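Working notes, structure below.
The values are calculated or read from the model by the stated rules, or taken from the named source; none is laboratory data. On a predicted model such as this, the values are computed, not experimentally measured, just so you know. Here the Cβ positions follow ideal geometry from the backbone for every residue, glycine too, while neighbour counts run over all protein chains shown. For accessibility, only protein heavy atoms count, side chains too; no ligands or nucleic acids. Shrake-Rupley method; radii C 1.70, N 1.55, O 1.52, S 1.80 Å.
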Amino acid sequence: MSEPMVRFENVTKRYGALTVLDELNLDIERNEKVSIIGPSGSGKTTVLRMLMTLEKINDGVIWVEGEPMTHEQKNGAMVPASDRHLRRVRGKVGMVFQHFNLFPHMTALQNCMEAPVSVLGLPKGEAEERSAELLDMVGLGDKKGHYPIQLSGGQKQRVAIARALAMRPKVMLFDEVTSALDPELVGEVLNVIRQLGSEHDLTMLMVTHQMGFAKEFSDRVCFFYGGKIAEQGPPDKLFNEPDNERTRQFLSAVLEAG
Amino acid sequence: MNIWDWYYVWEALPYLYRGAVITVQATLIAFAIALVLGLAFALIRQSNNRLVNGAMAETVEFIRSTPLLLQIFFVYFVGPQFGIVIPAWVAGIGVLGIHYAAYCSEVYRAGIEAVDGGQWEASIALNLSRSRTWSRIILPQAIPPIVPGLGNYFIGMFKDTPILAAIAILEMLQQAKNFGAENYRYIEAITMAGAFYLVFSLIASAIVQAVSFWLNRRYHLQ
Ligand SMILES: Nc1ncnc2c1ncn2[C@@H]1O[C@H](COP(=O)(O)OP(=O)(O)OP(=O)(O)O)[C@@H](O)[C@H]1O
Ligand SMILES: [Mg+2]
């Protein structure tokens, strides 16, 4: 068995006195689809943000493809990663945000082209071709010249997915990507994610409140509670016969609400 | 004696014209300095290095809380005592530019801080370099909304140019005054200078509005 795609090793994250994640250990295999569920404030978003290097960790190491991400080897010792190191390793990871974070002054196509041109150094023509293909794939072939303000929420989120994919990441992170959408627009985004999962070699880690989708889509579901993984397992097991009392309570509360 | 005599209007015109050229040149050059230097100040203030950003904040605060005239005197009169001789024109325009750069940097800062933090996060997630994030993502969103704020300082600076007379730069108001003194006749020249300041201010504010409109459209911001 090769090394995991992502490994959180004893990762601790604190904000002041608040310990948000307490010695988290989590391995994610290549191409695995993992859903993260749990109550508000349990640290789900924080897990993704740490892996995207948007947050520094207080303790532990995050590995990507067997290489330390949060640290680097220097004279035989592990030291906190430099900006240069981060920029190199971070390229393997892409993220889609709850509130899209599209660049409002650029068209859908320009949003997708910006990073391939300026980070990967692709010639404009090639970047444009790649971006156009991706926009076609997410069903927005006819919206390439539209600005974000001219798009619906679901369309914006699909542009954001195409934009992240344009960097050819190996790991894609999704943080409640349908939470800011009107209910009737959720399906179109989930369809795109579903298609990504089946047609591409991608490791996917998603925080979601869509229990139905998590159940159908993921290989494994992790239930976070109080800064730890309280329970994890295949979706059938976790949703139908959870071992942990907290999981049961959480699921019944969510099912009642939804 | 007439209250208003057209003879003096014609006589004063060449004086005022020479002064107006100086005033407009000084304003344009000094404001160009203020725009560029103000942006530099604002960017330095965003530095993660506490020392750098604190020193910049103090400098801006210092410039803003001492009078413009004092700063001009300092550079022009105190400098030579230490062997630093700066021509009046350079000292005047330079200090005017630096003084207003301090004010402009605060306007830039407000614009930069108004950009949604999600834009930074998306830029990091896409692995854009810091300089690229500034030039392609943050500044194009930060600057269009603050053009009116910068424009106010443009007009403010224009109205401050008579201060240059204190170091013997013959800007327009000084020319009007000299004309008055030579002819024992002030009303026409001073009034004409006033009319010019008014017209220039109106033109300037129309230009500011046009630039603001154009930039907001260019970058598709509301
Ligand atoms: N920048 C921050 N500074 C201080 N505390 C923070 C910060 N970001 C998050 N927290 C705290 O960390 C905890 C975990 O936050 P996180 O966003 O990971 O929760 P979550 O599981 O994603 O919750 P939700 O379902 O509401 O999105 C919360 O208690 C939150 O208040
Ligand atoms: Mg969250």
Looking only at the range A:153-179, how many residues end up being in a loop (DSSP other than H, G, I, E, B) and either open to solvent by less than 20 Å² (accessible area, probe 1.4 Å) or within 16 Å of ligand 2 (Cβ to nearest atom) (or both)? 6
With respect to residue A:232, is the statement that it is touching a Cys at 6+ places or on another chain (Cβ under 7 Å) and open to solvent by 40 Å² or more (accessible area, probe 1.4 Å) true? yes
The range A:16-33, subset touching a Ser or Thr at 6+ places or on another chain (Cβ under 9 Å) and not acidic (Asp, Glu), residue nearest to ligand 2 (Cβ to nearest atom): A:20
Among B:82, B:77, which is the only one that is under 28 Å from residue B:24 (Cβ atoms) and either at pLDDT below 95 or of a type in the set (D, E, K, R) (or both)? B:77
Given the range A:64-144, what strands (runs of 3 or more DSSP E) lie entirely inside it while holding 3 or more residues that are at negative phi and more than 13 Å from chain B (Cβ to nearest Cβ)? A:71-74, A:77-80
The number of residues in the range A:1-60 that are over 14 Å from the mean Cα position of the chain (by Cα) and of a type in the set (Val, Ile, Thr) is 5
What pairs come up if the first residue lies in the range B:204-216 and is touching a residue at least 12 places away in the same chain (Cβ under 8 Å), the second is of a type in the set (D, E, K, R), and their beta carbons are under 9 Å apart, counting only those six or more places apart or on different chains? none
Could you tell me whether residue A:90 is of a type in the set (D, E, K, R) and more than 16 Å from ligand 1 (Cβ to nearest atom)? yes
Quick one: what pairs do we get from the range A:96-108, first residue under 12 Å from residue B:221 (Cβ atoms), second at pLDDT 95 or above and small (Gly, Ala, Ser), C-beta under 9 Å, 6+ apart or different chains? A:103/B:122; A:103/B:123
For a quick check of your reading of the model, give me the residue pairs whose first member lies in the range A:42-59 and is without any contact (Cβ under 8 Å) to a residue 40 or more places away in the chain and more than 11 Å from chain B (Cβ to nearest Cβ), whose second is assigned to a loop (DSSP other than H, G, I, E, B) and within 13 Å of ligand 2 (Cβ to nearest atom), with beta-carbon atoms closer than 9 Å and at least 6 apart or on different chains. A:46/A:55
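Each row is one residue, and each column tells you yes or no for (1) open to solvent by 50 Å² or more (accessible area, probe 1.4 Å); (2) more than 30 Å from residue B:86 (Cα to Cα); (3) of a type in the set (S, T, N, Q).
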{"position": "B:152", "(1), (2), (3)": "yes, no, yes"}
{"position": "B:158", "(1), (2), (3)": "no, no, no"}
{"position": "B:179", "(1), (2), (3)": "no, no, no"}
{"position": "B:189", "(1), (2), (3)": "no, yes, no"}
{"position": "B:199", "(1), (2), (3)": "yes, yes, no"}
Within the range A:49-63, can you find the residues that are within 16 Å of residue A:6 (Cα to Cα), more than 8 Å from ligand 1 (Cβ to nearest atom) and outside any loop (DSSP other than H, G, I, E, B)? A:50, A:51, A:60, A:61, A:62, A:63
(1) of a type in the set (D, E, K, R); (2) in a strand (DSSP E or B); (3) within 18 Å of residue A:207 (Cβ to Cβ) all hold for residue A:14 apart from (3)
